[in-house]
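Here's the structure we're looking at; comments come further down.
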Amino acid sequence: MILHLAERLDVPLRERNRLLIAAGYAPVFSEKPLQDPALAAARKVIDIVLIGYEPYPALAIDRHWTVIAANKALAPLLDGADPSLLCSPVNALRIGLHPAGLASRIANYHEWRAHLLSRLQRQVDLTADPVLVELLREIADYPAPVNAQSNKAPANSQYSEIVVPLQLVTAEGMLSLLSMTTVFGTPVDITLSELALEAFLPADAATADALRRLTAAA
């Protein structure tokens, strides 16, 4: 009954184990490190997907937004970020919204920030994870970059009314990127259930061309 109810409510696997323990039952979902031989096939799938997205940037993150892996197309977009933000463990949210990260190069900073904070808040609401609670508090306190522009996508954008783009200023000009999140469909291991692949795909032909040039030069 507990597992059935938790599944219907879409309770994360980690929290399902906690519910079982609180009710006097043994946990049923394992949690193996990604390097465990039992997860070798899953790790191979992650690498295949990341490489398959090239020349478009993609990365894999865990439940705390720690970067687990990335393809070579991501590196050019991080140009200019403070090296301290790129030291392991690398946190995707810190890189994206920290004043010394990409914040000053995000043309629609306020809109993109609101989108990320909303995702993080949902995670906190679902899990009450203290690490995520602290991360949310930290990210929310970051000051906006001095050059932060309008909190809306350009009015002439053909996608501004259906999706929040990431509009990033680079050496190749403005990139308009649409983000897509991929997760394992039927995980029974906690580690896999908490992994997400974030891909950034071109919203227009100019961005696609620029990404190909940036990746080729990386």
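Only the coordinates and a few stated rules stand behind these numbers; no lab work does. A quick note: this is a predicted structure, and the numbers were derived from the prediction, not measured. With ideal geometry, Cβ positions are generated from the backbone for all residues, glycine too; neighbour counts draw on all protein chains shown.
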Cβ density ranking, 10 Å radius, fewest first, applied to Met1, Met180 yields Met1, Met180
Note on segment 16-128: alpha-carbon gyration tensor, axes a ≥ b ≥ c; rule is a/c under 1.5 for rounded, else prolate if a/b larger than b/c, else oblate; result oblate
FRET efficiency (Leu85, Asp10; Cβ distance; R0 35 Å; to 0.05) is 0.60
In degrees, nearest 10, the alpha-carbon axis of helix 40-53 is tilted away from the dominant principal axis of the alpha carbons of the chain by 20 degrees
In nanometres, the difference between 0.36 nm per residue of separation and the alpha-carbon distance of Val188 and Arg122 is 21.6 nm
Ranked on Cβ counts within 10 Å of their own Cβ, fewest leading, Phe184, Phe200 go Phe184, Phe200
The summed charge of the Glu134 Cβ neighbourhood (under 13 Å; Lys/Arg +1, Asp/Glu -1) stands at -1
Whole-Hz Karplus couplings 3J(HN,Hα) for segment 174-182, θ = phi - 60° and coefficients 6.51, -1.76, 1.60, Gly and Pro as x, run 6, 9, 10, 10, 9, 8, 9, 10, 10
Cα convex hull volume per residue for the chain, in Å³, equals 136 Å³
Computed over the chain: longest principal axis from alpha-carbon atoms vs helix 130-140 long axis, angle to nearest 10 degrees, is 20 degrees
In nanometres, the difference between 0.36 nm per residue of separation and the alpha-carbon distance of Ala218 and His115 is 34.2 nm
For the pair Ala75 and Leu3, the simple spin-label estimate (label points 7 Å beyond Cα toward Cβ) gives in nm 4.5 nm
For the chain the mean separation of alpha carbon contacts under 8 Å (6+ apart) over residue count, i.e. relative contact order in percent, is 25 percent
Rounded to whole angstrom, the alpha-carbon centroid of segment 195-218 lies from that of segment 1-76 at a distance of 24 Å
